[in-house]
Amino acid sequence: MPNHQGSLDRVFHALADPSRRGIVERLVRGPASVSELARPLEMSLPAVLQHLQVLESSGLVVSEKAGRVRTCRVEPAVLRAAEAWLAAQRTTWERRLDRLDDVLTGRGPADPAAEGEDRS
């Protein structure tokens, strides 16, 4: 994925809205038409289309038009990239919290450099 950070920014921006998250949750179960996606949402069809446009510009959703029906599907690779970033952050913070616990309980040095670790 070129410009990895910019791509993640667009993905997390797209997922910041609860309606868009609901659309992605629905599409994880399988492709759906725009009208199917709009049905449970309490908003106009043009508003749903605007949400879909944000999801498409982030790369999370792709759509195809066949006749008069536009069908959307989730792009798994983009979802996996966001998931991998979150997993890396979780690992980093769990390691930091474990070190803090060691320091607070007297089981480890107060200086991470004493263990030869970086501060990440």
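Just so it is clear, none of the values below were taken in a lab; they were calculated from the coordinates. Treat the numbers as computed from the prediction; the structure is a model and nothing was measured. Note that we place each Cβ from the backbone using ideal geometry, even for glycine, and neighbour counts take in every protein chain shown.
Annotations
- Residue with peak Gaussian network fluctuation, the chain [Cα springs, cutoff 10 Å], from S58, S19, S44: S44
- Dipole axis of the chain (+1 Lys, Arg; -1 Asp, Glu on Cβ), positive-most option in V103, G6, S57: S57
- Note on the chain: Rg/Rh from C-alpha atoms, Kirkwood Rh, equals 1.21.
- Test item: Cα-centred dipole of the stretch 61-102, Lys/Arg +1 and Asp/Glu -1 on Cβ, debye: 420 debye
- Kirkwood-type hydrodynamic radius, the stretch 18-74: 11.1 Å, calculated from all non-identical alpha-carbon pairs.
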